[in-house]
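The values are calculated or read from the model by the stated rules, or taken from the named source; none is laboratory data. These numbers were taken from a predicted model, which means no experiment stands behind them. All Cβ positions, even for glycine, are placed from backbone atoms using ideal geometry, and neighbour counts span all protein chains on display.
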Amino acid sequence: MKILVPVKRVVDYNVKIRVDKETNAVDLNNVKMSINPFDEIAVEEAIRIKEGGKCDEIVVVSLGPEQSKETIRNALAMGADRGIHVKTEHSPEPLLVAKVLAKIIEKESFDLIILGKQSIDDDCNQTGQMLSALLDCSIGTYASKIEIENDSFVVTREIDGGLQTIKLAKPAVLTTDLRLNEPRYASLPNIMKAKQKTIDEVDPADLQIEMQPKVVTKKVEEPPARIGGGKVDSIEDLVDKLKNVSGVI
Amino acid sequence: MSILVLAEHNNEILKEATKKAITAASKIGDPVHVLVAGTDCANAANDAASTEGVEKVLHAENSQYKNMLSEPISELLIDLMSEYDYLVSAATTNGKNILPRVAAKLDVSQISEIISVINGKTFQRPIYAGNAIATVESSTDKNVITIRTTAFETAKESKSTAEISSIGIEKNPGLSEFIEEKVSGGERPELTSAGTIVSGGRGMQSGDNFKLLESVADKLGAAVGASRAAVDAGFVPNEYQVGQTGKVVAPELYIAVGISGAIQHLAGMKDSKVIVAINKDDEAPIFEVADYGLVADLFDAVPDLDKELEKIQK
Ligand SMILES: Cc1cc2nc3c(=O)[nH]c(=O)nc-3n(C[C@H](O)[C@H](O)[C@H](O)COP(=O)(O)OP(=O)(O)OC[C@H]3O[C@@H](n4cnc5c(N)ncnc54)[C@H](O)[C@@H]3O)c2cc1C
């Protein structure tokens, strides 16, 4: 079995971003970037499947600028086998990412594609679902458990009401939720080894995909600030304020 | 500008989230039609038909729609979308799961979790865990949109009843099969529609200690929520998680107990009307968004709160 794991380079989850009022955009200068946490969970899951003897090769792919290679290296250091870098100026919108991924999958077939459920920058939560549509295959979003059977996957999903278990035909696209696993840290020897692993370069122009976005961002603003910081001295004081000032109890 | 809303229901009535999606759809344009798909869901179709803003209900009765699996429902929606300009749903796990699959088949982008409609092509949506608001514009004729439920009112009951038309499309791609669902449910209100929420974090120390919060919640008619750390630690099930990657809530009153206030948690609750924080660390970031912060050990403060609420109930 071959597994493809798409990974995205995003602003680190610990960074509180700032909106630049002059450019009407999020200020990304000198901001720490990392692999999208949900994609890291996807890489970890693929490695565990391989360690369980059920996968022969893990390929990671990333769309984005030159620095996206670091994100690929990061996944290779965790234990993925090889990388593909699709060089684009920015990270394109989910539909375009899905189209590029579908083209790559057309060239070499994969039995399983594991993506993060959402990237923590644009919070779109779309790419996996879109890819499944383009491949006409099954989709298991928000996975918290993946079991592999001969020609199917049994997937437990985190849904609004609790947990749902479904069985999906192979090949399948899965997206990860937080409780699927806890990603490992890459060890120093593995970081060194990852430097020898191949990363193939792909030019999106060679894939014959019209890379024009269908939705454009007109502007980005700061949300209205919440004025907090009020304190109470005691529970009596709190209950009194909730009842008599705010009127919420 | 015809709009189709994908409904979620429990066979008897529409979910409140869907009634909010209907409100958002009405802001985009008209007519608004609602698809109610499932088995034995005629009552839910009736409920949709008597919701303000709804002009027509499409009722699809078929066992393959029972569990809202993405593949059969999106097949149905793709077929129906030849007649509509917009597909709208609430950004629930079902909406988020199904709509992008339809969008890709229609060769359009999806606009996720809008919080306002500026015009038929321009919308606002939060990005970066709600730390920025993007105004986005679509260039396609057909549009697929999910809505953040906290940003729209619940559509009211209508005086008139809309037409219900039964539709039947037998196309099951047969790619997926439902096995089981574990839904805790219970007596308490749902997180996303509750007027009051009491949430606990890692500071609760155990699942057992959540009983302290449940007792307070019972007195307030509140739902119980949690931070990711409390869910990861196994104190409470996953559906309790509030935040960027859990549920987004905006109740009248949100009480955060033993929660530090990480960006990802704030993303899910900072639009609540009144926020109370109980934390022993006076520098916890949750206090920056709290209207009423109490610096205290929760194991003293929560039982005290419980007693105080009991007093005022009498
Ligand atoms: C990709 C990603 C997605 C995430 N999504 C979410 C999400 O959707 N929702 C979410 O909540 N988090 C999310 N997180 C996690 C988030 O970053 C924080 O780790 C998490 O919110 C912390 O939970 P907490 O506040 O309960 O725990 P902590 O940060 O450990 O805080 C515990 C608090 O309890 C207080 N405390 C301890 N004991 C007591 C006591 N006896 N009395 C009073 N106070 C006490 C402490 O002072 C502390 O402030 C996400 C993280 C990532 C990377």
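For B:Ile164, which of the numbered conditions (1) more than 22 Å from the chain's Cα centre (by Cα); (2) at positive phi; (3) more than 9 Å from chain A (Cβ to nearest Cβ) fails to hold?
Every listed condition holds for B:Ile164 apart from (2).
One residue is enough: does segment B:112-120 have a residue meeting the conditions surrounded by 22 or more Cβ atoms within 10 Å (Cβ to Cβ), within 9 Å of chain A (Cβ to nearest Cβ) and modelled with pLDDT of 95 or more?
Checking segment B:112-120: at least one residue is surrounded by 22 or more Cβ atoms within 10 Å (Cβ to Cβ), within 9 Å of chain A (Cβ to nearest Cβ) and modelled with pLDDT of 95 or more.
Please specify each residue of segment B:1-30 satisfying the condition of being more than 20 Å from B:Lys96 (Cβ to Cβ) and in a loop (DSSP other than H, G, I, E, B).
B:Met1, B:Ser2, B:Asn11, B:Glu12, B:Ile13, B:Gly29, B:Asp30, listed by residue number.
Which of (1) more than 12 Å from the ligand (Cβ to nearest atom); (2) in a helix (DSSP H, G or I) is the odd one out, the single condition B:Asp208 does not satisfy?
(2)
If only one of A:Gly140, A:Gly83, A:Gly128 is crowded, with 22+ Cβ neighbours inside 10 Å, within 11 Å of chain B (Cβ to nearest Cβ) and not in a helix (DSSP H, G or I), which one is it?
A:Gly140
What are the residue pairs meeting all of these: first residue in segment B:163-180, first residue within 26 Å of B:Asn46 (Cβ to Cβ), second residue β-branched (Val, Ile, Thr), Cβ atoms under 9 Å, and 6 or more apart or on different chains?
Taking only residues 6 or more apart or on different chains, the pairs are B:Glu163/B:Val57; B:Ile164/B:Val36; B:Ile164/B:Val57; B:Ser165/B:Val57; B:Phe178/A:Thr165; B:Phe178/A:Ile166.
Give segment B:247-270 a look and list any residue that's away from the ligand (no atom under 12 Å from the Cβ) and under 13 Å from the mean Cα position of the chain (by Cα), or say none.
Residues satisfying the conditions are B:Ala250, B:Pro251.
Consider only pairs whose beta carbons are under 9 Å apart and that are at least six residues apart or on different chains; among these, list those whose first residue lies in segment B:199-215 and is within 15 Å of B:Pro237 (Cα to Cα) and whose second residue is among the basic types (Lys, Arg) and surrounded by fewer than 21 Cβ atoms within 10 Å (Cβ to Cβ).
What qualifies is B:Glu214/B:Arg188.
Which of the residues that make up segment A:17-66 are free of Cβ contacts under 8 Å to residues at least 60 places away in the same chain and part of a helix (DSSP H, G or I)?
A:Lys50, A:Glu51
When you scan segment B:127-150, how many residues do you find that are at the interface with chain A (Cβ under 7 Å from one of its Cβ atoms) and outside any helix (DSSP H, G or I)?
Of the residues in that region, 11 qualify.
Given segment A:160-243, what strands (runs of 3 or more DSSP E) lie entirely inside it while holding 1 or more residues that are facing chain B (nearest Cβ under 8 Å) and free of Cβ contacts under 8 Å to residues at least 60 places away in the same chain?
A:162-169, A:215-221
Report, by residue number, each residue of segment B:271-301 that is of a type in the set (A, V, I, L, M), within 11 Å of the ligand (Cβ to nearest atom) and within 9 Å of chain A (Cβ to nearest Cβ).
Across segment B:271-301, the qualifying residues are B:Ala277, B:Ile278, B:Ile286, B:Leu294, B:Val295, B:Ala296, B:Ala301.
Of the residues that sit in segment B:233-246 and are facing chain A (nearest Cβ under 7 Å) and more than 6 Å from the ligand (Cβ to nearest atom), which one is farthest from the chain's Cα centre (by Cα)?
B:Pro237
Check segment A:76-98 and report whether any residue there is more than 23 Å from A:Lys195 (Cβ to Cβ), within 16 Å of the ligand (Cβ to nearest atom), in contact (Cβ under 8 Å) with a residue 60 or more places away in the chain and of a type in the set (Asp, Glu).
no
Can you list residue pairs whose Cβ atoms sit under 6 Å apart, with the first residue in segment B:278-290 being modelled with pLDDT of 95 or more and the second being of a type in the set (Gly, Ala, Ser) and near the ligand (Cβ under 6 Å from one of its atoms)? Count only pairs 6 or more apart in sequence or on different chains.
Listed pairs, sorted by first residue: B:Ala284/B:Ser260.
Does B:Lys307 satisfy the criteria of being under 24 Å from the mean Cα position of the chain (by Cα), farther than 30 Å from A:Asp12 by Cβ, at pLDDT 95 or above and more than 9 Å from the ligand (Cβ to nearest atom)?
no
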